[in-house]
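Please treat every number below as a calculation from the coordinates, not as lab data. Small disclaimer: the values here were computed from a predicted structure and weren't measured. Here the Cβ positions follow ideal geometry from the backbone for every residue, glycine too, while neighbour counts run over all protein chains shown.
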Amino acid sequence: MLKIGLTGGIGSGKSTVAGIFQQLGIPVIDADEIAHELVEPGKPVLEKLAAEFGPGILTHGGELDRKALRNLVFHDPRAKSKLEAIMHPAVFAEMKRQAEKIQAPYCIFAIPLLIETDSQALVDRILVVDCPERLQIERVKERDGLDESLIKRILATQATRQERIAQAHDLIVNTGDLSLLEKQVRDLHQNYLNLSRRRNDP
Ligand code: ADP
């Protein structure tokens, strides 16, 4: 099945775009959601994390203490690499597993850090949602109530707009209103349906 990797910086409009694809009946497999599910108590990935980083990353109830883990990797690049070496393959394997069960002309792999994690090979095409940083900041302020300096710090940890766009097969420029965004997604949907048809019936 044709897999479209949906990515973009924080506040660019990825989730909104994913929601529009879903309304069009297209399955969305979300890397962040899967990452959350994989670390639920009793899951092997959580056990691996505890074995690697010690019981300090668990709450008394045996759940992942996200704050403790974040603090740990924030100060230690080697720990961050180890965390990624556990999480990324597990997330990507689960995404593939879920895609294999789906019957649809194509599906969306929503991967916010697709470029940063070098996971281009996982998908057939890369769809980037882009808008100027100013708009990203305004949208995130409004959505999450975060202050501007924190949003800027998050932006600084992500790929630049140029880095992302350089790898895009398809680009959504999300600077207009929601109806314009919907129109762009509907047009892409038609393209993807055509691509999928051609793949399956060359
Ligand atoms: P991301 O998933 O990339 O972080 P979201 O899809 O959550 O971004 O969008 C960020 C915020 O901006 C959300 O509150 C969303 O409703 C809003 N938003 C996104 N695109 C538009 C748009 N074209 N017009 C108005 N609001 C938008």
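Pull up the stretch 165-179, narrow it to residues that are among the small types (Gly, Ala, Ser) and more than 9 Å from the ligand (Cβ to nearest atom), then point me to the one that is surrounded by the fewest Cβ atoms within 10 Å (Cβ to Cβ).
Our first condition is that a residue be among the small types (Gly, Ala, Ser); within the stretch 165-179, this holds for 166, 168, 176, 179.
Going one step further and asking which of them are more than 9 Å from the ligand (Cβ to nearest atom), we end up with 166, 168.
Values: Ala166: 11, Ala168: 18.
In this case the residue turns out to be Ala166.
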Exercise for review: Residue by residue through the stretch 21-44, note down the ones that are surrounded by fewer than 18 Cβ atoms within 10 Å (Cβ to Cβ) and part of a helix (DSSP H, G or I).
Suggested key: Gln22, Gln23, Asp32, Glu33, Ala35, His36, Glu37, Pro44
Practice item. Taking the residues in the stretch 145-161 that are farther than 19 Å from Phe74 by Cβ and in contact with a helix residue (DSSP H, G or I) (Cβ under 9 Å, 6 or more places away or on another chain) as candidates, determine which candidate is surrounded by the most Cβ atoms within 10 Å (Cβ to Cβ). Key: Arg161
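Would you check which residues across the stretch 121-144 are more than 14 Å from the ligand (Cβ to nearest atom) and surrounded by 15 or more Cβ atoms within 10 Å (Cβ to Cβ) and list them? Walk me through how you get there before you give the answer.
Step one: filter the stretch 121-144 for residues more than 14 Å from the ligand (Cβ to nearest atom), giving 121-126.
Scanning the stretch 121-144 gives Leu122, Val123, Asp124, Arg125, Ile126.
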Review point. Got at least one residue in the stretch 99-109 being surrounded by 15 or more Cβ atoms within 10 Å (Cβ to Cβ) and of a type in the set (Gly, Ala, Ser)?
Key: yes
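Here is a yes/no grid of residues against (1) polar (S, T, N, Q); (2) without any contact (Cβ under 8 Å) to a residue 24 or more places away in the chain; (3) in contact with a Cys (Cβ under 6 Å, 6 or more places away or on another chain):
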| residue | (1), (2), (3) |
| --- | --- |
| Ser12 | yes, no, yes |
| Thr16 | yes, no, no |
| Ala35 | no, no, no |
| Pro44 | no, yes, no |
| Lys48 | no, no, no |
| Glu52 | no, no, no |
| Lys67 | no, yes, no |
| Phe74 | no, yes, no |
